[in-house]
Every structure is written in C-alpha cells, then in structure tokens.
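Working notes, beginning with the structure itself.
Only the coordinates and a few stated rules stand behind these numbers; no lab work does. A quick note: this is a predicted structure, and the numbers were derived from the prediction, not measured. Note that we place each Cβ from the backbone using ideal geometry, even for glycine, and neighbour counts take in every protein chain shown.
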Amino acid sequence: MIVLGVDPGTAVTGYGVVAREGGGAASLLECGVIRTDDRLDLGARLRAVHEGVLDIIARHQPHRIAVEGLFYAKNVRTTVTLGHTRGVILLAASLRDLVVAEYSPAEIKNAVCGTGRATKEQVQFMVQQLLNLKAPPKPADAADGVAVALCDVQAYSLRAIVREQAAIEAQLIDRGAQGRAAGGVGRLLHPSELPKPRA
C-alpha cells in the first residue's frame, strides 16, 4: 500500500509518500514541499498546489491520500485560505478516485510521537526513527507530510486488524449457532479449527 500524506499550506505544502507491504515496516519513497510564489494571487497559488499534488500522484500512484485536517488559527483569514488549499488537494484526490483520510494535527502527532503536543522537532526526529532514515526530513513541512502518511498507515493497519478480528468472531458465532441448530449445544473449537489470520 502506498500513501501520500499532505500537510496543506498556501505558501508551503509538505508531502510524504510512504509504502508499506503487508505487515512489514514502512518505507519512505519521496518527501518534499510544494512552494508557491507569494507574489502571485491566491488563484495561481492554489493552482500550483493542485498541479503539484497531481504530479506526485502521477509519479507514485498512491492507493490513498491522507490530509491534515483544518485547525482554527487565531487569524480567520489564515484559516479560510488554508481551507482553500485543502480544497484543491481534495479535488486532486477526487479526480484520481483516491480514498481520502483526514486527521487532526493532534492525531498525527500522537500517532508518530505518542503525544498530541509534540513539537516540530520531535515530529522530525520520530519520522527519522520510524523510517530508519539517516537524517530527519527537511524542511519541517516535509516531515509533517511524512507524519501524516505514517499516521494513516498505522490507522489503516489497526482498522485491518479490527476487521480481521470481527470476521473471526463472526465465524465462531456462526459455527456455534450451526452446532445448536443441528441439535447440539455448540462446542469449543480446537485451535487447529480456528481461521488463520492473514500475515
């Protein structure tokens, strides 16, 4: 599975592309930033972000896109402009029929650092450790994009485990009901009869 993580910003949008096969470790395919020229009007800057995200999607063909959710800044204009940036990122994902997951800044920091109050430096350090990199991704916005992707990889893995457990429990309940319907009271299954979890 390949996940594109995006940390939206009108001036600088950080991104990270992370791959994870099966239950193995995640690996970094690419990270960086999409910079826009602050002399351009908002429409041109949004177009640059949109085209940059489409280019990354074309290069890596991700299965999913994870985007940092909107937070409310003290400056209302900043919040609205950030909303526009998120909109063009979500549009790029929709145009390529990609699943989009959104995470709050606290969820991302908690998934990567173990606390929702982590600093940018702590996020960079943990991204470096989790992906076994020689140095932390720079600039910090790129590390944030990678952190968003890692958060989604972890959340997706947890959801898969929960789905698998639910399927096993449903099979066990169904087997017990079949035993009762056949006139028995049901029986405990031998471990060899239990469904094998996928690796």
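Using C-alpha positions alone, give me the convex hull volume of the chain per residue in cubic angstrom.
Working: hull volume 31.6 nm³, N = 199.
About 159 Å³ per residue, rounded to a whole number.
Tell me, what HN-Hα J-couplings in whole Hz come from the Karplus equation 6.51 cos²θ - 1.76 cosθ + 1.60 at θ = phi - 60° for each residue of the range 97-102, using x for Gly and Pro?
Running phi through 6.51 cos²θ - 1.76 cosθ + 1.60 with θ = phi - 60° gives 6, 9, 6, 10, 10, 10 Hz.
Give a residue-ordered list of calculated ³J(HN,Hα) values for the range 86-93 (Karplus: 6.51 cos²θ - 1.76 cosθ + 1.60, θ = phi - 60°; whole Hz; x for Gly, Pro).
Result, ordered by residue: 4, x, 6, 5, 5, 4, 4, 5 Hz.
Can you give the net charge of the other residues whose Cβ lies under 10 Å from the Cβ of A48, counting K and R as +1 and D and E as -1?
On the way: positive: R35, R45, R47; negative: D37, E51.
My count for the surroundings of A48 gives +1.
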